[in-house]
Amino acid sequence: MNGSRILGTGSALPRRIVTNAELAERVDTSDEWIVERTGIRQRHIAEPDETTGTLATAAARAALADAGIDASSIGLIVLATATPDNTFPATATKVQAALGCNGGIAFDVAAVCSGFLYALAAADSMLRTGMAKRALVIGAETFSRILDWDDRTTCVLFGDGAGAVVLEAPSGEASGKDAPGIIGTRLHADGGCHDLLYVDGGPSTTQTVGHVRMRGPEVFRHAVVNLSSVLREVLEETGVSVDEIDWVVPHQANARILDATARKLGISPDKVIVTVDRHANTSAASVPLALDTARRDGRIKAGDLVMLEAMGGGFTWGASLIRL
Ligand code: UT7
């Protein structure tokens, strides 16, 4: 039986746009280097009044409006983030309060850039077992707050934002790759790679928030291998061929990772949604943000077969095949 259905999508971006040229005034970098190595041209950076919680709430409202449903019918909120408003309570509970749908289930998921895929799978599993009828699954980040703005190897790569989907429990009426809903999902983690991408702080270790540290080229190599392998797993599990996929919505870390992964699998670059040029890497927000962008600009339509995929700190990685 197919999993939960996506009823609507939404996203939110901070007001302020920061170009590569502006960053080059601060650290030893250039627009040319950033564009050539990553494909990034600009990113949105949160102002002090914009937080993970406010961006998540705005994205959630947009997704509810798109789905045409009221917040009161949401019984579950799963929010993926590595940059919560506070160490606790979960930012999901702040979103719940802001939307005025208190009483259901609300919690955060920490799987960094793969967070949205993990949150989607968690929400889908809970909806399937009847714990709620409708869910909001949100990826939201203010990575700008954990960047070392003097480290040119990381500070040029990330941006802030949020994306959300409204998910409805499966009706049980239709199944298979032609029916709407989540068709197949695979998730993985390899804690042995912790030191290649991490934050050097936290409440239980340094009592500071810390900064992002990354061994970029090593992460790059793992990303291409892990992503192509998990995409193959989902295709095999669901019996879907590469040619049947209408769109791939990847985590937006680096345009070269998107190209290399698509090439490895024989996916046409025309089918890959790219927003990294405008949004940079927004971690857990990047997949739902790209999905919403491509739905709103008319590329992704109802009935399309869409593959979501992501890889991030942990390492964690995963993919999910969905008929919209
Ligand atoms: O979202 C989670 C997953 N994250 C990722 O998937 C990120 C994966 N990694 C990457 O995207 C790439 O490895 C980076 C974009 C981070 C780096 O690109 P690269 O082509 O792997 O460059 P590199 O790290 O090998 O550095 C090449 C050169 C170095 O100089 P030397 O040693 O050759 O003289 C760096 O110091 O580029 C230098 N460099 C820069 N130069 C200008 C590093 N960062 C910058 C910069 N501006 N911002």
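The values are calculated or read from the model by the stated rules, or taken from the named source; none is laboratory data. None of the values given here were measured: they were computed from a predicted structure. We place every Cβ from the backbone using ideal geometry, glycine too, and count neighbours over all the protein chains shown. Please note that ligands, DNA and RNA were not included when accessible areas were found on the heavy atoms of the full protein model with its side chains. Shrake-Rupley method; radii C 1.70, N 1.55, O 1.52, S 1.80 Å.
Please list, by residue number, every one of the GluC sites (Glu not before Pro) in the range 216-324 that is coil in DSSP and has at most 15 other beta-carbon atoms within 10 Å. Spell out each step's value before the answer.
Working: sites: GLU218, GLU233, GLU236, GLU237, GLU244, GLU309; in loops: none.
Taking the range 216-324 and a limit of 15 other Cβ atoms within 10 Å, no loop GluC sites (Glu not before Pro) are found.
Rg(Cα) of the range 181-323 divided by 2.2 N^0.38 Å?
Numbers: Rg = 15.7 Å, N = 143, 2.2 N^0.38 = 14.5 Å.
Rounded to two decimals, the normalised Rg is 1.08.
Around ILE267, with a cut-off of 12 angstrom between Cβ atoms, what is the net charge of the other residues, counting Lys and Arg +1 and Asp and Glu -1?
On the way: positive: ARG232, ARG263, LYS264, LYS271; negative: ASP243, GLU244, ASP246, ASP259, ASP270, GLU309.
Charge balance in the 12 Å sphere: -2.
Using every pair of separate Cα atoms, the Kirkwood estimate puts the hydrodynamic radius of the chain at 19.3 angstrom.
Multiply the residue gap between ASP304 and SER73 by 0.36 nm, knock off their C-alpha separation, and tell me the result in nm, one decimal place.
Working: separation 231, 0.36 × 231 = 83.16 nm, distance 2.59 nm.
Fully extending the segment from ASP304 to SER73 adds 80.6 nm.
Dividing the mean sequence gap of close Cα pairs (under 8 Å, 6+ apart) by how many residues the range 181-323 holds gives a relative contact order of 37 percent.
Label separation (ILE17 vs THR205): 3.6 nm, computed from points 7 Å beyond Cα along the C-beta direction. R0 = 22 Å: FRET efficiency of ASP190 with ASP148, Cβ-based, nearest 0.05? Computed FRET efficiency for ASP190 and ASP148 comes out at 0.30.
Step by step: find N for the range 92-154, compute 2.2 N^0.38 Å, then divide the Cα radius of gyration by it. What's the final number?
For the range 92-154, the normalised Cα radius of gyration comes out at 1.41.
Qualifying trypsin sites (Lys or Arg not before Pro) in the range 7-76, where qualification requires a DSSP coil assignment and no more than 14 other C-beta atoms within 10 Å, comprise ARG15, ARG26. Reducing the range 252-324 and the range 187-226 to their Cα centroids gives an inter-centroid distance of 21 Å. Heavy-atom accessible area for SER204, with the other protein chains in place and a 1.4 Å probe, reaches approximately 110 Å².
Helical content alone sets the calculated 222 nm signal of the chain at -9500 deg cm²/dmol, taking -39,500 (n - 2.57) per DSSP H segment of four or more residues and averaging over every residue. Taking all protein chains together, LYS94, LYS301 sort by accessible area into LYS301, LYS94, largest first [probe 1.4 Å]. In the context of the full set of protein chains, the range 5-168 has a per residue accessible area of 39 Å² (1.4 Å probe). Solvent-accessible surface (1.4 Å probe) assigned to LEU187 amounts to roughly 60 Å².
Just the protein heavy atoms count here, and of the accessible area of the chain at 1.4 Å, carbon and sulfur take up 51 percent. Return, ordered by residue number, the residues of the range 153-186 whose backbone nitrogen is under 19 Å from a label point located 7 Å along Cα→Cβ of LYS264. Backbone N within reach: 185-186. Annotation: HIS194 carries an accessible surface of approximately 100 Å², with a 1.4 Å probe and no ligand, DNA or RNA atoms counted.
Add +1 for every Lys or Arg and -1 for every Asp or Glu among the other residues with Cβ under 13 Å from the Cβ of ASP246, and state the total.
Residues near ASP246 contribute +1 overall.
Once the gyration tensor of the Cα atoms in the range 124-176 is diagonalised, the equivalent ellipsoid follows with semi-axes of 38, 11, 8 Å, ordered largest first. Bridging of LYS94 to lysines at a Cα separation below 22 Å is possible for LYS133, once same-chain residues fewer than 8 apart are set aside.
Would you list, by chain and number, the lysines whose Cα falls below 20 Å from the Cα of LYS271, excluding same-chain residues fewer than 8 positions away? Answer for LYS271, where 20 Å is the Cα cut-off: LYS177, LYS301, listed by chain and number. Among residues other than ALA284 with Cβ under 13 Å from its Cβ, the summed charge is -3 (Lys and Arg +1, Asp and Glu -1).
When both bridge partners sit in the chain, DSSP labels roughly 70% of those beta bridges antiparallel.
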